[in-house]
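A short reminder: the numbers here are calculations on the coordinates, not readings from a lab. Every value quoted in this text rests on a predicted model; they were computed, and no experiment measured them. Neighbour counts are summed over all protein chains in view; Cβ atoms, including those assigned to glycine, are modelled from backbone coordinates with ideal geometry.
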């Protein structure tokens with residue numbers, strides 16, 4: 001797995017279609033996503049397909065990565081779409097404020 005540079009557009013000239021993603025795919029290398037699950041980063045393709053799961057900080061249940069609504073901190077803690085849809089707004093906002101307060105100094 002390879003980490004995509006913050007400013008990957010400067011690696012290759014803009015008129016060349018072989019951007020960072022195309023080069024990684026051609027080499028058979030997965031690009032690392034920003035999501036950590038159980039202490040390890042997962043690749044972008046696994047994140048998109050939902051092959052791995054995460055623990056929602058609100059309901060404390062394991063969910064597929066396609067159900068991530070919001071993420072906070074490094075390593076990230078996640079809130080799921082199902083809680084976003086079903087939990088009262090006041091409880092959701094309290095949890096968001098708690099997580100933002102916990103990771104106020106994390107820059108990612």
Pseudo-spin-label distance residue 20 to residue 1, built 7 Å along Cα→Cβ, given in nm, is 1.6
The chain: relative contact order from alpha carbon pairs under 8 Å, six or more residues apart, as a whole percent, is 16
Over the range 51-108, what is the mean sequence separation of C-alpha contacts under 8 Å (at least six apart), divided by residue count, expressed as relative contact order in percent? 30
Order of 29, 68 under a 10 Å beta carbon neighbour criterion, fewest first: 29, 68
Cβ crowding within 10 Å averaged over residues, with 43-55, 92-104 ranked highest first: 43-55, 92-104
Helix-only mean residue ellipticity at 222 nm for the chain, each DSSP H run of n ≥ 4 adding -39500 (n - 2.57), per residue, nearest 500: -8500 deg cm²/dmol
Length released on extending from residue 89 to residue 62, taking residue separation times 0.36 nm less the Cα-Cα span: 7.6 nm
Test of understanding: what is the full-extension gain from residue 82 to residue 40, defined as 0.36 nm times their sequence separation minus their Cα-Cα distance? 12.7 nm
